[in-house]
1. Convert each backbone phi in region A:131-143 into a coupling constant with the Karplus relation 6.51 cos²θ - 1.76 cosθ + 1.60 (shift: θ = phi - 60°), then list the ³J(HN,Hα) values in order as whole Hz, x for Gly and Pro.
2. Can you put B:Val243, A:Val16 in order of accessible area, largest first, using a 1.4 Å probe?
3. Residue separation times 0.36 nm, minus the C-alpha to C-alpha distance between B:Ala109 and B:Thr219: what's the value?
4. I'd like the distance separating the alpha-carbon centroids of region B:145-209 and region B:59-103, in whole Å.
5. What is the dipole size for region B:182-249, taken about its Cα centre, with +1 at each Lys and Arg Cβ and -1 at each Asp and Glu Cβ, in debye to the nearest 20?
6. Report relative contact order for region B:15-126 in percent, whole number only (criteria: Cα-Cα under 8 Å, sequence separation at least 6).
7. Rounded if a/c is under 1.5, else prolate if a/b is larger than b/c, else oblate: which is region B:27-184, with a ≥ b ≥ c the root eigenvalues of its Cα gyration tensor?
8. Assigning unit charges at the beta carbon (Lys, Arg +1; Asp, Glu -1) and nothing else, what dipole magnitude in debye, to the nearest 20, does chain B show about its Cα centre?
Amino acid sequence: MATPITQPLTKRSQVVSEKRMTLMERIYLPAIVKGMGITLKHFFRLRKATVKYPEQLRPMSPVYRGMHVLKRDEQGRERCTACGLCAVACPAEAITMVAAERKKGEEKLYREEKYAAVYEINMLRCIFCGDCEDACPKEAIFLTDRLVPTDYTRGTFVYGKQWLVEPLDPALRVDVSKRQPKAVAEFKKDRNFAHNR
Amino acid sequence: MIPIVIFLVALLLVTLGVAAYATYAERKVAAFMQDRIGPDRAGPFGLLQPIADGVKMIMKEDFMPASANRWLFFLGPAIAMTTALLTGVVIPWGGTLDLGGTAFKLQVADPDIGILYVFAMVSIGVYGIMLGGWASNNKYALYGAIRAASQMVSYELTMGMSIVALVILTGSLSLNDIVEQQRAGLWNIVYQPLGFLLFVICAFAECNRAPFDLPECETELVGGYHTEYSSMKLGFYLFAEYVNMFISSAVISTLFFGGYDVPFLDGLGLPQNVTVILGTVALFLKITFFIFLFMWVRWTLPRFRYDQLMDLGWKSLIPLAILNVLLTGVGYYLKNGI
């Protein structure tokens, strides 16, 4: 028989006994005064726990998984080729897309011959796991540290391409280098792994 | 005649204003004690918050359960609010002003039984809660109402008894006399520390404030007596609590802390009106402190269990109150004879 673990889980644990209360404890008022002292100490404490959200943001992880972005390549062409792997990978089934064939003259807009005419993510279904990002063979979709803004109606949470595709202007491009370090990029090109083939 | 009407209207507005800002202060105090910031969006430092709350309350749907007793359902909040406001008229808010030759006492009425009047109003106030809770035809509301009634009965005894000891000393039930006696001598807190403690505890219970807020007890009774109330009717109930808090703070200051008395102020030789106004300011400072005390206790102590509440009331406070009366009587006899 194994001996029970006697080590306390925290340093703050106290042994409780059912001893009779002393007179001072039974009067109850000293304890009240002590408690009021504690609250008063907090009353005058200047350091508050509040984060005034819209103006002030809590520090976030550099690899925070927030609102998605559909990347363009260096020449401003959409990288997404509507293969549907992200939609397959999505555990919440939040991604929908309609593929279309690139016409002549659209080479500047789309990188490959096939592209996503419609690409929608339902932000209410999305669990921000980042599996779409892992699944994407074209480095097209990334999660960013931007937050999905709140709204009053459900319909507005279905984000189409106008929300997801990053702007053409190089200055306004969304930086995903933190979530796309070199090692990851190399790993994704490694043909030894089945999902990269 | 005209000054008294002006004074009455001013008193009403001040009472409502103080109560409104007490709601704001409560939220701020609660927030600060919990290391938060509290309301700060409406106006600078959130100072317009009470107005925003009032507008919100009025805009809400005024719902009445189909099986509720229509008239009593209306009457409940009305009684709670009215009685809360009525108490303020007997409290001496200041000394006698000199208005171009005519003397004007800053007190609406000075009945010989001022304290009894206060007690009467507080006791009627519980009808507001009882009627409201009963008329809602809801079990939680009824529980809240019953609790309010039994709590009020239990603690009114002690409260009355602590006042009896005070009255032995002062020999008068008029609030004005009590203040004037304290101006002449020492504040009553010096003679009646135990009486003061008992009175404050009972005042907390009478105002249904934590740790005695069992009638509304949201963790057990949803909302207690105001479960079925919404819109401005609910607003009246919540607001009456703050008016009551303001009035009880005023009563505590008047009975035990010299009312509008400021020690050594009379000796300074200031003009009479200045002295009176300073006295009123001092009274309001005392009231502010006691309102803060109400909030301070609320955000420190957890709520009593119901049997603990009754135990405390009947087994501890009442014997102590009787002891206090006896000791005061003996002390008075030894000093002054019969």
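1. With the stated coefficients, region A:131-143 comes to 5, 4, 5, 5, 6, 5, x, 10, 6, 9, 10, 9, 8 Hz.
2. Most to least solvent-accessible, the answer reads A:Val16, B:Val243.
3. Between B:Ala109 and B:Thr219, full extension yields an extra 35.4 nm.
4. Going from one Cα centre to the other spans 22 Å.
5. With only Lys, Arg, Asp and Glu charged at Cβ, the dipole is about 420 debye.
6. 18 percent
7. Verdict is oblate for region B:27-184.
8. Dipole of chain B, to the nearest 20 debye: 360 debye.
The values are calculated or read from the model by the stated rules, or taken from the named source; none is laboratory data. Just so it is clear, the model here is predicted, and its values are computed rather than measured. Methodologically, a virtual Cβ is constructed for each residue, glycine included, from the backbone with ideal geometry; neighbour enumeration extends over all protein chains shown. Only protein heavy atoms, including side chains, enter the accessible area calculation; ligands, DNA and RNA are left aside. Shrake-Rupley method; radii C 1.70, N 1.55, O 1.52, S 1.80 Å.
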